[in-house]
Amino acid sequence: MDTSGDGKIGTDELAYGFKEILGETHNEDELRNMMNFIDQDKNGYIDYSDFLIASVNIDLSKIKEYCKTAYELFFKNEKESIEVSDLIEILCISSVMKPDFIK
């Protein structure tokens, strides 16, 4: 989508990406709304930081669920320590991370 190769995506590049990659056409208001939502630092572009923030799905109920599960499983031993196997069990079952990343 970054047709200029400058490491950031402007509204025109966003429109191009939707059309060429997804076959979707969006009007200027829709594109402006998307940019306003994604462009966190309001510099008029989607840069790497904006992209990362937009890519993270923050669901408060899921975070609370992960924390509760982690607490219950991490501290089930008397040492109150966290082993690699504990991390794999918790985070992989919850589909948060892959075992190789944890190791």
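The values are calculated or read from the model by the stated rules, or taken from the named source; none is laboratory data. The structure displayed is predicted, hence computed values, not measured ones. Neighbour counts run over all protein chains shown; Cβ positions are idealised from the backbone, glycine included.
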#### Entry: Which numbered condition LYS8 misses (of (1) at pLDDT 85 or above; (2) touching a Gly at 6+ places or on another chain (Cβ under 6 Å))
(2)
### Task
For residues that are in contact with a strand residue (DSSP E or B) (Cβ under 8 Å, 6 or more places away or on another chain) and assigned to a helix (DSSP H, G or I), tally how many sit in the stretch 8-33.
2
### Task
Filter the stretch 41-58 for residues that are in a loop (DSSP other than H, G, I, E, B) and either modelled with pLDDT under 85 or over 13 Å from ILE9 (Cα atoms) (or both) and give the result.
ASP41, VAL56, ASN57, ILE58
